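Right, one structure below, let's go through it.
The values are calculated or read from the model by the stated rules, or taken from the named source; none is laboratory data. Only a predicted model underlies this, so the values are computations on that prediction, with no experimental measurement involved. Glycine also receives a Cβ, built like all others from the backbone with ideal geometry; neighbour counts cover every protein chain displayed. Protein only, heavy atoms only, side chains kept; ligands, DNA and RNA dropped before computing areas. Shrake-Rupley method; radii C 1.70, N 1.55, O 1.52, S 1.80 Å.
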Amino acid sequence: MGEVKVIGSSKSLFCARVEWALKLKGVEYEYLQEDLLNKSPLLLKHNPVHRKVPVLVHDDKPIAESLVILEYIDETWKDYPLLPEDPYERAMARFWAKFADDKCVMGAFAAFWKEGEEKEKAIESALESFTFLEKQIQGKKFFSGDDNIGYLDLVMGWIPLWLNAMEEAGGMKLMDAQKFPSLHEWTQNFLEIPLIKECFPPRDALVNYFNFSLSYNRSMAAAKQ
C-alpha cells in the first residue's frame, strides 16, 4: 500500500489519535518527530497552509488535519473499521468528533490559558460541553457502541492523559468522576488497552511541557504590554 510516514509530536494529542488508528489497522509507518518550537522544512513543505502536526504522508502524498487523516486511514486500510457502516451513524460520529474538538478540546485549552474571572467562565463553558459527551457515553463501554474502540474513541482519547496533565499545569479541574461518572468509566476502559498506552508520552514530561507553554505565553504577553 506504499510508504507511510507521520510527521508529528509525542506531546500532541492530535498526533496520538493518528498513531492509534495506524496501529489498530496494522499499518507500518515511520514516525518523524517534530520540534513544535522550531518547525522543520519538511513540515512546512507538507503542510504549508496550517503549518501544524500531524501530517500523514502516504506515497509522498501529504494529508493534514487529524480528523481528515483518520477518515483517510479508515478508507485506505479496510482491516478494523473505525467508522460505523450505517450512513446516519457515520454522520453522527463525524458530528460528535467535530463537537469534541471545537468545544471540548478548545474549551479545555481556553480554560488552561486564561486567568482569574475569565478562567472561571472558560471552565464553566468547557464543563457544559463535557456534559454532552457524558450523555453520549452513558450505557456504553466505548463511544463505538460495542466492545471495540472506534473512531470517536480515538478522537476522545486525549481525555485520560492530556486533559489530566493540562488540569495539573493549569490549576483547574474539568474531569470530575462525580460529575461525569460515565466518562470516567470510559477513561478506565480506554486505558486498559495496551495499544493505547504505547503512544502515551510520559505524564511528567507532558505536565512539564504544559507548564513551560503556560509560562512562555504569559511572559510573551507581559512583554507586549
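A few comments on the model shown:
- Long-range neighbours under 7 Å by Cβ, at least six apart or interchain, first residue over 18 Å from PRO201 (Cβ atoms) within the range 17-39, second open to solvent by 30 Å² or more (accessible area, probe 1.4 Å) and in a strand (DSSP E or B): GLU30/LYS5
- Selection within the range 41-55 - open to solvent by less than 30 Å² (accessible area, probe 1.4 Å) and over 16 Å from LEU154 (Cα atoms): LEU43, ASN47, VAL53, VAL55
- If you filter the range 2-16 down to residues that are over 20 Å from VAL207 (Cβ atoms) and part of a loop (DSSP other than H, G, I, E, B), you find that the one that is nearest to the chain's Cα centre (by Cα) is GLU3.
The rows are residues; the columns are (1) open to solvent by less than 10 Å² (accessible area, probe 1.4 Å); (2) more than 16 Å from LEU191 (Cβ to Cβ).
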position	(1), (2)
GLU118	no, yes
GLU124	no, yes
GLY139	no, yes
PHE142	yes, no
ASP146	no, yes
LEU154	yes, no
PRO160	no, no
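- Residues in the range 162-182 that are open to solvent by 10 Å² or more (accessible area, probe 1.4 Å) and touching a residue at least 60 places away in the same chain (Cβ under 8 Å): MET172 alone.
- Close Cβ contacts (under 6 Å, 6 or more residues apart or on different chains) running from residues in the range 62-90 that are over 15 Å from GLU19 (Cα atoms) and open to solvent by less than 80 Å² (accessible area, probe 1.4 Å) to residues that are of a type in the set (Phe, Trp, Tyr) and outside any loop (DSSP other than H, G, I, E, B) comprise LEU83/TYR151.
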